[in-house]
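The values are calculated or read from the model by the stated rules, or taken from the named source; none is laboratory data. Note that the structure is predicted; figures quoted are calculated from it, not measured. Cβ coordinates were reconstructed from backbone atoms using ideal geometry, including for glycine residues, and neighbour counts include every protein chain displayed.
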Amino acid sequence: MRTTTTTRYDVAEHLRTPEEMAAYLEACLEEADGDAAFVAKGLGDIARAKGMTQVARDAGLSRESLYKALSGERSPGFDTILKVVRALGLKLHAAQWSGGRGMDSAPTRLGAEGSYRAGQLGGSMGTKKVGYNKSGIDKLPDDKPVLYRIKTQSGNDNYVGVAKRGRVQDRITEHLGEIPGAKVSIEQFSSIADARAKEANVIKRQQPKYNKQGK
């Protein structure tokens with residue numbers, strides 16, 4: 001009987017470019033729902049990807065202080081957040097939240113931007129759920145990058161991944177016979193960087209059973 005070996009998924013190993021780092025921070029801000037410690041942990045992931053020693057030096061903080069501030073176990077001061085964001089080569093900016101409220105009550109949200117304008121992330125462009133089988137997968141659109149989730153009968157995520165435009169059906173089909181599931185759902189994005197940022201957040205929060213380091 002074949003066994004599946006899994007290892008801890010480390011987001012930092014998948015943040016390779018400034019575009020992916022900016023998109024990841026934007027996704028953290030979107031997902032945080034007011035949880036400052038969650039945002040700090042996201043900054044910690046980016047800092048580890050860039051190198052904690054260098055980020056600490058650029059932020060004017062000791063390496064130990066930086067680790068504590070971005071551990072996700074506390075909410076660091078906003079001055080620390082600003083120092084770290086600048087050291088990472090990113091910016092925070094404000095934009096009106098389009099949450100369906102009136103002009104007077106529309107809240108302001110923070111976004112992130114680097115060499116890539118992550119503030120334009122904007123969430124998924126469309127979603128679809130089908131049976132996790134060849135006939136179901138063949139019905140999925142293939143014209144945009146997607147985040148896909150292979151789900152159990154009860155709706156839990158067994159595996160989360162991304163697929164490039166033109167490779168959606170092929171990529172998901174590769175999992176048949178290897179990763180069990182009952183349904184597969186997709187979210188379309190305008191860029192692969194946006195899809196990967198959402199993927200990193202979903203994996204960190206949901207910890208799907210069959211996701212492993214390096215995928």
Within the stretch 192-204, of all residues that are free of Cβ contacts under 8 Å to residues at least 60 places away in the same chain and surrounded by fewer than 22 Cβ atoms within 10 Å (Cβ to Cβ), the one nearest to Ile172 (Cα to Cα) is Ile192
Exercise for review: Might you let me know whether the stretch 135-150 holds any residue that is touching a residue at least 24 places away in the same chain (Cβ under 8 Å) and among the polar types (S, T, N, Q)?
Suggested key: no
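Taking the stated definitions as given, is Lys144 surrounded by fewer than 18 Cβ atoms within 10 Å (Cβ to Cβ) and either of a type in the set (Lys, Arg) or touching a Leu at 6+ places or on another chain (Cβ under 9 Å) (or both)?
No.
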Is one or more of the residues making up the stretch 89-97 farther than 23 Å from Phe189 by Cα and touching a residue at least 12 places away in the same chain (Cβ under 8 Å)? yes
Selection over the stretch 184-215 where residues are at pLDDT below 85 and over 19 Å from Glu30 (Cβ atoms) yields a count of 4
Does Asp104 satisfy the condition of being modelled with pLDDT of 95 or more, exposed (fewer than 14 other Cβ atoms within 10 Å of the Cβ), among the charged types (D, E, K, R) and over 30 Å from Leu43 (Cβ atoms)? no
Answer with yes or no whether Arg109 is of a type outside the set (Gly, Ala, Ser), out of contact with any Gly (no Cβ under 7 Å at 6 or more places or on another chain) and modelled with pLDDT under 90. yes
Considering the stretch 30-80, residues that are touching a residue at least 12 places away in the same chain (Cβ under 8 Å) and of a type in the set (Phe, Trp, Tyr), and then whichever is surrounded by the most Cβ atoms within 10 Å (Cβ to Cβ), we arrive at Phe38
Filter pass, Ile172 being touching a Phe, Trp or Tyr at 6+ places or on another chain (Cβ under 6 Å) and either more than 26 Å from Ile46 (Cβ to Cβ) or surrounded by fewer than 19 Cβ atoms within 10 Å (Cβ to Cβ) (or both): yes
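Every residue, every condition in (1) within 16 Å of the chain's Cα centre (by Cα); (2) surrounded by 13 or more Cβ atoms within 10 Å (Cβ to Cβ); (3) over 28 Å from Ile81 (Cβ atoms); (4) modelled with pLDDT under 60, yes or no:
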{"site": "Ala95", "(1), (2), (3), (4)": "no, no, no, no"}
{"site": "Ser115", "(1), (2), (3), (4)": "no, no, no, yes"}
{"site": "Gly123", "(1), (2), (3), (4)": "yes, no, no, yes"}
{"site": "Val130", "(1), (2), (3), (4)": "no, yes, yes, no"}
{"site": "Leu140", "(1), (2), (3), (4)": "no, yes, yes, no"}
{"site": "Ser154", "(1), (2), (3), (4)": "no, no, yes, no"}
{"site": "Ala182", "(1), (2), (3), (4)": "no, yes, yes, no"}
Worksheet item: at pLDDT below 90, within 26 Å of Ala36 (Cα to Cα) and in contact with a strand residue (DSSP E or B) (Cβ under 8 Å, 6 or more places away or on another chain), is that true of Gly99?
Response: no
If we ask which residues in the stretch 14-57 are at pLDDT below 90, in a helix (DSSP H, G or I) and over 13 Å from the mean Cα position of the chain (by Cα), their number turns out to be 3
